[in-house]
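Asks: Here it is: the structure, laid out below.
The values are calculated or read from the model by the stated rules, or taken from the named source; none is laboratory data. Remember, it's a predicted structure, so these values are computed and weren't measured experimentally. Here the Cβ is made from the backbone with ideal geometry for all residues, glycine too, and neighbour counts use every protein chain on show. Protein only, heavy atoms only, side chains kept; ligands, DNA and RNA dropped before computing areas. Shrake-Rupley method; radii C 1.70, N 1.55, O 1.52, S 1.80 Å.
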Amino acid sequence: MAGIEAELAAEQQTVDGLYARLDDLRAQTRDRLARVRRSGPSGSPQNRSERDAFATLYEDRVAQLEAVEERLVFGRLDLEDGVRRYVGRIGLTDEEQSPLLTDWRAPAAQPFYRATAAHPDGVVRRRHVVTRGRKVTGVEDEVLDLDLLTDGDDARLSGLSGEGALLAGLAAGRTGRMGDIVATIQAEQDRIIRDELTGALVVQGGPGTGKTAVALHRAAYLLYAHRRVLERSGVLLVGPSRTFLRYIDQVLPSLGETGVVTTTVAELVPGIVATGTEPEAVAELKGRAVMASVVGRAVRDRQRVPAEATTVRVDGRTIVVRPQDVASAIARARRNHRPHNLARVGFVRDMLARLAEQYVQQLGGEIPSDERSEIVEELRTTREIRIALNLAWMPLTPEKLLADLWAKPWRLESAAPQLSPAQRRLLARDPDAPWTPADVPLLDEAAELLGEDDQAVRAQARAAAERRQSELEYARQVLESTGSGALVSAEMLADRFASSGPALTTAERAAADRSWTYGHVVVDEAQELSAMAWRALLRRVPTRSLTIVGDVAQTTAAAGARDWARMLDPVLRSSWRLAELTVNYRTPAVVADTARRVAVAAGLPVSPLTSARDVPDALVVESVGGDTIGAAAARYAEKAVTEVTDASGAGRVAVVATPGHLGRVHEALRDAGTPAVLGAGATSADLDAPLVLLTPREAKGLEFDVVVLVEPADVLAASAGDLYVAMTRPTRALRVLHSAPLPAGWAAD
Ligand SMILES: Nc1ncnc2c1ncn2[C@@H]1O[C@H](COP(=O)(O)OP(=O)(O)OP(=O)(O)O)[C@@H](O)[C@H]1O
């Protein structure tokens, strides 16, 4: 074994060198940051903004260098020409700029993921370097040059690259947070990760095929390969829930990328908090494409010709707001197709000119233009006229438009004649009920059609002017009291106060701006999105540069899709390309096969799947009496927790069931004094709990060492997609308790 020890020692030396270089760079960057910070708040505005820009740059670089500590280096390529290339999380060079470590995303690292014995791509040997902390604990070689192979090497030519490192990673206890897969990305995954930036790429794959992992690594890859384009415009990642986003939130930073905006569809409109819930049928209806015309009509309904004229006395003269004038002013204002609140400016101007003309006629005709402007101003500020014009064309916020639409049946009837009365009744809700996730795309649609409320914009401008005035005032006082008026003007000092907030990154600016357009959008669990949600998302990516990942067999939302073409053709026409992932890395084969049979029997469009591994006794099914099922599940869960939890705190167990069963399991656990978290919850601590109780929908996209599934027939009754999701969450074992018969397809023939 001297050979392997010598190899490990040699690798340790290289790894030590790379960490030493990392430490140097960290120290240098921290030093530069400290110097910039020390330079203090002085200099011209340009100097200051330069200084801020440098400070942000160094802060980002420090954060990036800190985040790559774990498995900084994980691979080595020995090339035909004798060159040895180390592959790692980031690129490192020595002081003379000679490469020490190749970034996994660089073209030079690609053979590490793609080279095979049949297509070695100049690689003689691929080595996986396994480290714990900074210590090399193993190496795993694949010899790609067949001439160098000896008899014992056959196993190394399996379809999986770096099989030992991969299987070790797959078998490791889960921590409640997703980890990166950068050391063991497989060739079919790598092709997707490095696919071109342009156009929409749809990645379909069964549960556990690495869709989420691939989507995240692709985001990191695109930011690296197209940094110039994407740094300014940003990348948006859309996930199914906050819990899911917390589950994945360490992956991109560990890949050296912190600038990706993550959101759910429910959080897409800044300022809207969608905490409401509603029946699935209502959400489904709100998600239909027809709702775009409903919202459009609701907006046009707010441009209304009054049935009767309004007569107003202004300075002893009679001014009449006539329906025919309103009608023609509306028609004119609509002609330029601007959003409602912006077109309103034209409408009001037109109406005031017409009303001013009435006034002028009563004065006897011709008057100078400045007097005419005074008359217009007088009319504009006359209360009755303001009311009459507002009634004809009301400035509106999206919230007001939608709240009125749901709360006032006559408004909905007018805006949605194509819906049946029963459908309209479904949509009715209290005016101050909280927004639901399905409302958010409709609010976005409304915001688009309404444009900025010009009154709100004017109010903001007024507030900004007042703020500026008080800053100037304060600046003058400061200058007077310090006697530094000769050095700096009050305006400059006020500027300085105004710009003293933190410099915002692209991601921060993008996240706060509803109308921001991104350079690329990644959508996970995309099969759940409604037609209205797609409209809202595509508005944010006019270039249609998208990565869309999901599994149409796992759809659980009634508004979601079972067929990509049916979902995407209406919104992307046919301009999207499909890639498939076919290997399941999560679930042991026996569990995956059972889940698949059940899904097929339930008529789901399941993708073909092979499993990377099996685990002995991975599936245990027990029949119990209906009234003891909660207590039995609690016992299984407790036992599983003690079995899987290791000294490092890894190991996670979930009980997955319908809400009714979860309640019973929760009670039983409480009686036994076992801590468990019910529901995915809102805080990140929940994901760190060793035992959680979840509905299948809450468990979506997540994984656990052991899943205790209670009464699969009940889960199936709610939705076949739910059962498929529930059965495919475990990495080690599925424990099933049932009193009702097992679903069709369960038993292997
Ligand atoms: N190449 C790989 N190397 C190591 N682990 C991998 C690899 N590919 C996937 N995995 C692991 O497999 C598990 C499943 O991956 P992921 O959650 O991305 O799958 P998914 O297709 O999104 O699943 P689902 O559709 O069920 O949500 C994760 O633990 C992931 O880290």
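Asks: Can you give the extra length, in nm with one decimal, that the chain gains between ALA53 and ASP688 once fully stretched, where that is 0.36 nm per residue apart less the Cα-Cα distance? Working shown, then result.
Replies: Numbers: separation 635, 0.36 × 635 = 228.60 nm, distance 3.64 nm.
Taking 0.36 nm per residue and subtracting the Cα distance, the gain is 225.0 nm.
Asks: Okay, moving on. Once you put a point 7 Å from the Cα of VAL273 and another 7 Å from the Cα of GLU196, both along the Cβ direction, what distance in nm separates them?
Replies: Going from the VAL273 label point to the GLU196 one covers 4.5 nm.
Asks: What's the angle, to the nearest 10 degrees (0 to 90), between helix 589-601's Cα axis and the longest principal axis of the chain?
Replies: 50
Asks: When the accessible area of the range 608-657 is computed with all protein chains present and a 1.4 Å probe, what percentage of it is carbon and sulfur? Intermediate results must be reported in sequence, preceding the final value.
Replies: Working: 1310 of 2410 Å².
Ligands and nucleic acids excluded, carbon and sulfur give 54 percent.
Asks: Please sort by residue number the GluC sites (Glu not before Pro) in the range 60-141 whose DSSP state is loop and whose Cβ has at most 13 other Cβ atoms within 10 Å. Can you show the working numbers first?
Replies: Details: sites: GLU66, GLU69, GLU70, GLU80, GLU95, GLU96, GLU140; in loops: GLU69, GLU70, GLU80, GLU95, GLU96.
When the GluC sites (Glu not before Pro) of the range 60-141 are filtered for loop state and at most 13 Cβ neighbours within 10 Å, GLU80, GLU95, GLU96 remain.
Asks: Can you give me the relative contact order of the chain as a percent, contacts being Cα pairs under 8 Å and 6 or more apart? Could the numbers behind the result be given before it?
Replies: Values: 1259 pairs, mean separation 109.2, N = 749.
Averaging sequence separation for qualifying contacts and normalising by length gives 15 percent for the chain.
Asks: Using the alpha-carbon atoms, what tilt in degrees (0 to 90, nearest 10) does helix 340-363 show relative to the longest principal axis of the chain?
Replies: For 340-363 against the chain, the angle is about 0 degrees.
Asks: Let me ask something else about it. Could you report the chain's accessible area per residue, 1.4 Å probe, as an integer in Å²? Display every interim value, and only then the final one.
Replies: Values: 34290 Å² over 749 residues.
Ligands and nucleic acids excluded, the result is 46 Å² per residue.
Asks: While we're on this one: Roughly how tilted is helix 323-335, in degrees to the nearest 10 and between 0 and 90, from the longest Cα axis of the chain?
Replies: Taking Cα atoms only, the helix is inclined about 40 degrees.
Asks: Just need the relative contact order of the range 589-738 here, percent rounded to a whole number, with Cα pairs under 8 Å and 6+ apart. Write out the running numbers ahead of the final one.
Replies: Numbers: 265 pairs, mean separation 47.5, N = 150.
Relative contact order of the range 589-738: 32 percent.
Asks: Give the lysines reachable from LYS211 as a straight Cα distance under 17 Å; neighbours fewer than 8 places away on the same chain don't count.
Replies: LYS700
Asks: How far, in nm, would the chain grow between GLU66 and GLN28 when pulled straight, counting 0.36 nm per residue and subtracting the alpha carbon separation?
Replies: Working: separation 38, 0.36 × 38 = 13.68 nm, distance 1.29 nm.
Working it through step by step, the gained length comes to 12.4 nm.
Asks: What FRET efficiency would be calculated for the residue pair SER623, VAL83, taking the C-beta separation as r and a Förster radius of 60 Å, to the nearest 0.05? Intermediate results must be reported in sequence, preceding the final value.
Replies: Working: r = 62 Å, r/R0 = 1.03.
It comes out at approximately 0.45.
Asks: First measure r as the distance between the Cβ atoms of ALA118 and ALA713, then evaluate 1/(1 + (r/R0)^6) with R0 = 56 Å and state the FRET efficiency to the nearest 0.05. Please list the in-between numbers first.
Replies: Working: r = 47 Å, r/R0 = 0.84.
My answer for the efficiency is 0.75.
Asks: Here's a follow-up. Could you give the semi-axes, largest first, of the ellipsoid that matches the range 589-738, computed as the square roots of 5 times the alpha carbon gyration tensor eigenvalues and rounded to whole Å? Intermediate values should be presented prior to the final figure.
Replies: Values: eigenvalues 104, 63, 44 Å².
With the √(5λ) rule applied to the range 589-738, the semi-axes are 23, 18, 15 Å.
Asks: Just to verify a number: FRET efficiency for GLN361 and GLU284, C-beta to C-beta distance, R0 = 45 Å, to 0.05?
Replies: Details: r = 57 Å, r/R0 = 1.27.
Plugging the Cβ-Cβ distance into 1/(1 + (r/R0)^6) gives 0.20.
Asks: Take the alpha-carbon centre of the range 269-293, take the same for the range 542-612, and report the distance between them in whole Å.
Replies: 23
Asks: May I ask what percent, to the nearest 5, of DSSP beta bridges between residues of the chain are antiparallel?
Replies: On the way: 26 of 73 bridges.
Expressed as a percentage, antiparallel bridges in the chain total about 35.
Asks: Looking at the range 589-738, send over the antiparallel percent of its DSSP beta bridges, to the nearest 5. Walk me through the numbers before you get to the answer.
Replies: Working: 0 of 21 bridges.
Rounded to the nearest five, the antiparallel share is 0 percent.
Asks: Per DSSP helix of 4 or more residues, -39500 (n - 2.57); summed, then divided by the residues of the chain. What does that give at 222 nm, rounded to the nearest 500? Please report the intermediate quantities before stating the final value.
Replies: Values: 31 runs with 356 residues, N = 749.
After summing the helix terms and dividing by residue count, I get -14500 deg cm²/dmol.
Asks: Relative contact order for the range 266-408: what percent, with Cα pairs under 8 Å and sequence separation of 6 or more? Mind dumping the intermediate values first?
Replies: On the way: 101 pairs, mean separation 35.4, N = 143.
It comes to 25 percent, rounded to a whole number.
Asks: Put +1 on the Cβ of every Lys and Arg and -1 on every Asp and Glu Cβ in the chain; which of LEU230, ILE185, VAL299 then has its Cα farthest towards the positive end of the dipole?
Replies: VAL299
Asks: Considering only LEU285, VAL348, VAL320, whose Cα is most displaced toward the positive end of the charge dipole of the range 276-370, charges sitting on Cβ of Lys, Arg (+1) and Asp, Glu (-1)?
Replies: Farthest towards the positive pole: LEU285.
Asks: Based on the alpha-carbon set only, what is the convex hull volume of the chain divided per residue, in Å³? Kindly include the intermediate steps, with their values, before the conclusion.
Replies: Working: hull volume 172.7 nm³, N = 749.
Convex hull of Cα atoms, per residue: 231 Å³.
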